[in-house]
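Beneath this line is the structure, given in structure tokens, with notes to follow.
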């Protein structure tokens, strides 16, 4: 339980560096360039980190939750994702999952980064904050949004490897709607592969129909 409280401490410190940050046209946001190295001197404490499929303690543990949120926010905004690294392990079962598998981003200082590019023409502002239950965020603009976004998956499957483990796979796509509800774009986003850290329910592990509700840029994660 203490490590969960520590994660909140780490998230609060990191959020201070990102909240209200403006990404101007032609600029690229870098997760680690903005936050810097998490150190005890800055106030970061031990939190839970996933290291080669095993949980351990590490300074700044829990910051991947912030990277997950920012990636999901970017997928529901005009921001372009120029660097993102998928999670190598699928840690939690689908019970209560509200987003397609593989819709997060892992980070590790200073070689696994998350970078978001603003192609313009308007500046975009990141607003991230903690509530009593959630880490939440918005992508803001000086003008009303002209589009809504929906992220969904295809080719979702689980396969058993020769050594007995299970690999989960899917493809993420994104639909862009205009305000009349018409589909303007339907584009490939990324491909995910992850080693499952729990026993799968194979009969419910396929179908490729999971999708999040269309969004205008507001997001939250537990």
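All of the numbers you see were taken from the coordinates with simple rules; none came from a lab. Remember, it's a predicted structure, so these values are computed and weren't measured experimentally. With ideal geometry, Cβ positions are generated from the backbone for all residues, glycine too; neighbour counts draw on all protein chains shown.
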Sticking with the crude label model, points 7 Å out along Cα→Cβ, report the distance from residue 39 to residue 143 in nm, one decimal please. 4.3
Euclidean distance of C-alpha centroids, the range 28-53 and the range 99-145, integer Å: 16
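At 222 nm, what value in deg cm²/dmol follows for the chain if DSSP H runs of at least 4 each add -39500 (n - 2.57) and the sum is divided by all its residues, to the nearest 500?
Working: 3 runs with 34 residues, N = 222.
Helix-only estimate at 222 nm: -4500 deg cm²/dmol.
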Exposure proxy check on 198, 52: fewest-to-most Cβ neighbours within 10 Å is 52, 198
Just to be sure I understand: of the beta bridges DSSP finds with both ends in the chain, what percent are antiparallel, rounded to 5? 95
By average Cβ neighbour count within 10 Å, what is the ranking of 175-188, 96-109 from highest down? 96-109, 175-188
Using a 7 Å offset from Cα along Cα-Cβ at residue 12, what residues in the range 134-154 end up with backbone N under 19 Å from the label point? 134-137
May I ask for log10 I(q)/I(0) of the chain at q = 0.14 Å⁻¹, from a Debye sum over the Cα atoms as equal point scatterers with solvent left out? -0.92
